[in-house]
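Below is one structure, written out as structure tokens; the observations come after it.
Where a number appears in this text, it was derived from the coordinates with a stated rule and is not lab data. Everything quoted here is computed from the prediction, not taken from an experiment. Because the Cβ atoms are built from the backbone with ideal geometry, glycine has one as well, and the counts that use them run over all protein chains shown.
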Amino acid sequence: MMEPIIKVDHLVKNFGKNEILKDISFEVNKGDVISIIGSSGSGKSTMLRCINMLEEKTAGEILFHGKSIDGLKRSEYRSKAVMVFQQFNLFENMTVLKNCVIGQREVLKRDKEEAKNKALHYLEKVGMLPYINAKPKQLSGGQKQRVAIARALAMDPEVILFDEPTSALDPEMVGEVLSVIRSLAGSGLTMLIVTHEMTFARDVSDRVIFMDGGVIVEDDTPDVIFGSPKMPRTREFLTRILSQ
Amino acid sequence: MFFESVANIWNKYGGSIMGGVGNTMLIALIGTVMGLLIGLINGIIRTVPKSKNGFIRFIQSLINFIITAYVEIFRGTPMMVQAMLIFWGYAFASGGVTLPLIPSGIFIVSINTGAYITEIVRGGIISIDRGQFEGAASLGMNHFQTMTRVVIPQVMRNILPSVSNEFVINIKDTSVLNVIGVTELYYYANSAAKQSYKTFEAFAIACVIYFVLTFSITRLLRLVERLLEGKKNYTIFGSQTDPAAEIHVKEDE
């Protein structure tokens, strides 16, 4: 049995008196593509943000290769579990290329040439090579998200955390971003994807986690979750979503 | 009659007045740049995330308190009084030794401007989208890297109009430094007035010079702001459909 990359162990997160996450536990193994689904406010994004340490957990443990992330060097850990945001969060003052270089230079201390080549390699992968000298404000939402994915990939992370990567996009741009993520899933990269795209979740994931009210209701293969969910709440959610 | 006596004063005192212009601009320019530096450093210090360690958190609060006190005191008192207090305060403490005048002037204008720009920078940092901080943090960049590489460059562009404004204010306000005897524009205009008994004419000259300085600087800075906004367009290199198309990497580091 291989040691999981990330193990979330009885994670609790409160905002003031509001319990957002109540006792969340699951494991992420190397190569896993896990989709996290559930309605807004179910705690999906908060959980992802806790894993990236953007939110401080209230209780429980998050283990990275068996070690509590509290004891790890924050910058080093984050560069291995990078996040892709709903709002892209590209650095507005930098070109597309620079966006993909800066993290490698500052955090991984790679030399200029190596960082540039790595950035170009991944920008090509996401089809953004022609736009390397553009500034983020000159790009469409779908293009920005593809750059954000290249920026994350350039760090050579062990796991990428996607926080609703297509929720801020116009419908016609969702496809281009999903196809990039789909091709990454095929390449063996470990990914956690919070998403509202059910077809996508069913097609690319090895596992689907359904969250509701701050707890994991069901954690199973996409076949089970979408085919014959065991829990009535999962069934209810999917019926509501898929009938739209 | 009026123009004749203005011409006379100019012929006699024009050289020293222009020397005063040099000092005025020197003090205002260096003072504003140093003030900006103080403001940016304070901005970076004030936004450091609160530590979990109790002792470090106490030190952080203490430093933040000192910065706030600095801002409030220097914004809440006239620069003229600050000049007297600092210059003669040093003389008092050192037993009569006074500091050289021009560096004293630069020092006084710097810390005074620093107090104002600290607040301008604070507003500038607040106006930057939280996503910029999170984007940097998520890649593993620390606070200093995030601030110097991502946030401050964006803040700089946003606050430039306010900082330009501080510079223009400083050109005018260096005139108060004459109370400690700094030989700037006002000082020479005043001595020309005293020596020639033509007070109105002498200060008419000073007034015109101040206006020409501030007006041309304002226009110049407006131009710089426009240049900093950058081009609206960009060049596409290569092609998404034709892999043979050439890719050029613009070296901008």
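Measuring nothing but alpha carbons in the stretch B:2-249 and taking Rh as the Kirkwood radius, the Rg to Rh ratio lands at 1.12. Just checking the listed ones, A:147, A:217, A:107: in the Gaussian network model of chain A with Cα springs under 10 Å, the one fluctuating most is A:107. Applying a threshold of 22 Å to the alpha-carbon distances of A:80/A:135; A:30/A:80; A:73/A:109 flags A:80/A:135 as lying beyond it. Projecting the Cα atoms of B:126, A:85, A:48 onto the charge dipole of the protein assembly as shown, computed from C-beta unit charges around the Cα centre, puts B:126 farthest toward the positive end. The mean number of Cβ atoms from other chains found within 10 Å of a Cβ in peptide A:80-91 is 4, as a whole number.
Each of A:44, A:116, A:30 has some number of other Cβ atoms within 10 Å of its Cβ, and from fewest to most they run A:30, A:116, A:44. Note on the protein assembly as shown: Cα-Cα pairs beyond 43 Å make up 36% of the total pair count. A simple count of charges around residue A:80, restricted to other residues whose Cβ falls under 9 Å of its Cβ and scoring Lys, Arg +1 and Asp, Glu -1, yields -2. Relative to the longest principal axis of the Cα atoms of chain A, the long axis of helix A:112-125 lies at roughly 60 degrees. Only alpha carbons enter this Debye calculation for chain A, each as an equal point scatterer, and the log10 of I(q)/I(0) it gives at q = 0.09, 0.16 Å⁻¹ is -0.38, -1.19. Pairs of lysines in the stretch B:2-249 whose Cα atoms sit within less than 29 Å of one another amount to 5, provided the residues are eight or more positions apart or on different chains. For the segment A:123-134, counting C-beta atoms of other chains within 10 Å of every residue's C-beta and taking the mean gives 4.
In the stretch A:115-179, the inverse of the mean reciprocal separation of distinct Cα atoms equals 12.2 Å; this is its Kirkwood hydrodynamic radius. Please give every one of the lysines within straight-line cross-link reach of residue A:125, meaning a C-alpha to C-alpha distance under 18 Å, and leave out same-chain neighbours fewer than 8 residues apart. Correct list for residue A:125: A:98, A:116, A:144.
Run down the aspartates and glutamates and flag those whose C-alpha is under 19 Å from the C-alpha of residue A:22, throwing out any fewer than 8 positions away in its chain. Within the straight-line limit of under 19 Å, residue A:22 reaches these aspartates and glutamates: A:9, A:55, A:56, A:61, A:212, A:218, A:219.
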